[in-house]
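To start, the structure under review is shown below, and the notes come after it.
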Amino acid sequence: MNGDPLDARRLVVKVGSALLVDGAGDVRDGWLEGLAADIADLRSEGRQVIVVTSGAIALGRAALGLGRGPLKLEEKQAAAAAGQIRLAGAWRDALGRHGVPAAQVLVTLDDTEGRRRYLNARATLETLLRLGAVPVVNENDTVATAEIRFGDNDRLSARVAVMASAETLILLSDVDGLHTADPRTDPAARHVPVVAAITPDILAMATGPVSGVGTGGMVSKLAAARIATRSGTAMLLAKGSADRPLRALRQGGRSTLFQATSTPRTARKHWIAASLGVAGTLTVDPGAVRALQAGSSLLPIGVAAVEGAFGKGDAVLIHAPDGTPLAKGLVAYDGADARRIARRRTDEIEAVLGYRGRDEIVHRDDLVLL
Ligand code: GLU
């Protein structure tokens, strides 16, 4: 919440198509090399980086000879299919030169909203980061059912940042931040360095009576800022066209900082505590009560009884042996599996269920004490 947003432990960097793909539909390799070097630098300081990248459609339309005119939805989806493989390859090569493994993650907005997929996607991102990879995320455009709009990845990147509890989201774009009006049409437009809250005044800066292609762009950037900041992720909007764009930003390049209004951890705990209905109850033993109160995860061995028909990722209440509500959390197993592994040791899970699930039945990151 305070301090330099670039000093984050975990950052999401969003890259737009215009930065990554040239007019002929090829990857701008030189620029990507510079960004990959910046990402490698951040990682060598111990920071974790997730990339959200656009460019699949822009690369694919050239590859499929689709020309420059407007595309029908199914043509965009075809272009995305042809382009994504190139996009992923470009990132793999660029990061690979620094010894950094890239991992392709294709998501739909649904994955960030449906709790079961959300938990899985979150766990996969966590695992990739732990293993030292850079997740390279794009929307799964080929199966998207709604119209694909440029700018969708702004919102997607905010959702990914929230899902991963990143402290900072950096949107690299073609503008160096928010202005009081469109700087291309209004000479009186002033740059806004810091936005503490997304008020109607701020929203009006993007929806003012200016025409031109840039305004829609700012609307989606403010939508992203809103998603990010209210969930504890600060957002930096900066121009990405410099050769080493993140280094330029760290050296004082102009940007707009949208300040987070809480920390990711607090926002997530608040979300779990306040906004989710419960679908079941896990009653735990006295040892687990002590473990939970000390901040640990809930392991299956500490669960004495399971009530309710819940799905994986649903919210459940955790009761002390005397029935007192103790905590609320997102459960990593459905009701049937939870009943089978209750009172079992973690190393028995695989034998009982026939698959190796999570070690914890409710992970401490998914749990809030009441
Ligand atoms: N997912 C689209 C692509 O990779 C881009 C969406 C956007 O530009 O926001 O082509």
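The values are calculated or read from the model by the stated rules, or taken from the named source; none is laboratory data. None of these values were measured; they are calculated from a predicted model. No Cβ is skipped: glycine too gets one built from the backbone with ideal geometry, and neighbour counts run over all protein chains shown. Please note that ligands, DNA and RNA were not included when accessible areas were found on the heavy atoms of the full protein model with its side chains. Shrake-Rupley method; radii C 1.70, N 1.55, O 1.52, S 1.80 Å.
Share of antiparallel DSSP beta bridges in the chain, in percent to the nearest 5?
Antiparallel bridges: around 40 percent, rounded to the nearest 5.
What is the extension gain from residue 64 to residue 24, computed as 0.36 nm multiplied by their sequence separation minus the C-alpha to C-alpha distance, in nm to one decimal?
Result: 13.2 nm gained on full extension.
Can you tell me the accessible area per residue over segment 54-93, all protein chains present, probe 1.4 angstrom, in square angstrom?
47
How many nm is it between the label spots at residue 116 and residue 97, if each spot is 7 Å from the Cα in line with the beta carbon?
It is 4.3 nm.
May I have the pair-distance distribution P(r) for segment 260-370, computed from all Cα-Cα distances with 5 Å bins from 0 and rounded to whole percent?
Going from the shortest bin to the longest, the percentages are 2, 13, 26, 25, 19, 9, 4, 2, 0.
Can you show me the helix-derived [θ] at 222 nm for the chain, built from DSSP H runs with n ≥ 4 at -39,500 (n - 2.57) apiece and divided by the number of residues, rounded to the nearest 500.
-12000 deg cm²/dmol
Just subtract the alpha-carbon distance of residue 336 and residue 219 from 0.36 nm times their residue separation and send over the number in nm, one decimal.
Working: separation 117, 0.36 × 117 = 42.12 nm, distance 4.48 nm.
That pair, residue 336 and residue 219, stretches by 37.6 nm at full extension.
Can you pull out the GluC sites (Glu not before Pro) in segment 278-370 whose DSSP state is coil and whose Cβ has at most 15 other Cβ atoms within 10 Å?
none
For residue 370 and residue 250 in one chain, what is 0.36 nm times their gap in residues minus the Cα-Cα distance, to one decimal in nm?
So the chain would gain 39.2 nm between residue 370 and residue 250.
Determine which lysines satisfy two conditions relative to residue 14: a Cα distance under 17 Å, and not lying fewer than 8 residues away in the same chain.
221, 239
Ignoring ligands, DNA and RNA, what accessible area per residue does segment 301-362 give at 1.4 Å, in Å²?
Per-residue value: 46 Å².
Mind checking which aspartates and glutamates have their C-alpha under 15 Å from residue 328, skipping anything on the same chain fewer than 8 residues away?
Within reach: 307, 314, 360, 365, 366.
Given axes a ≥ b ≥ c from the Cα gyration tensor, I'd like to know whether segment 39-140 is rounded (a/c under 1.5), prolate (a/b larger than b/c) or oblate.
Note, shape of segment 39-140 comes out oblate.
Given a 1.4 Å probe and heavy atoms of the protein chains only, how would you sort 26, 322, largest accessible area at the top?
I get 322, 26, largest accessible area first.
On the accessible surface of segment 131-190, probed at 1.4 Å, how many percent belong to carbon and sulfur atoms?
Answer for segment 131-190 is 55 percent, counting heavy atoms of protein chains only.
Which order do 85, 198 take when ranked by solvent-accessible area (1.4 Å probe, heavy atoms of all protein chains), largest first?
Accessible-area ranking of 85, 198, largest first: 85, 198.
Could I have the simple spin-label model distance between residue 352 and residue 127, label points 7 Å from Cα toward Cβ, reported in nm to one decimal?
Placing both labels 7 Å beyond Cα along the Cβ direction yields 2.0 nm.
GluC sites (Glu not before Pro), restricted to segment 19-121: which are DSSP loop and have at most 14 other Cβ atoms within 10 Å?
45
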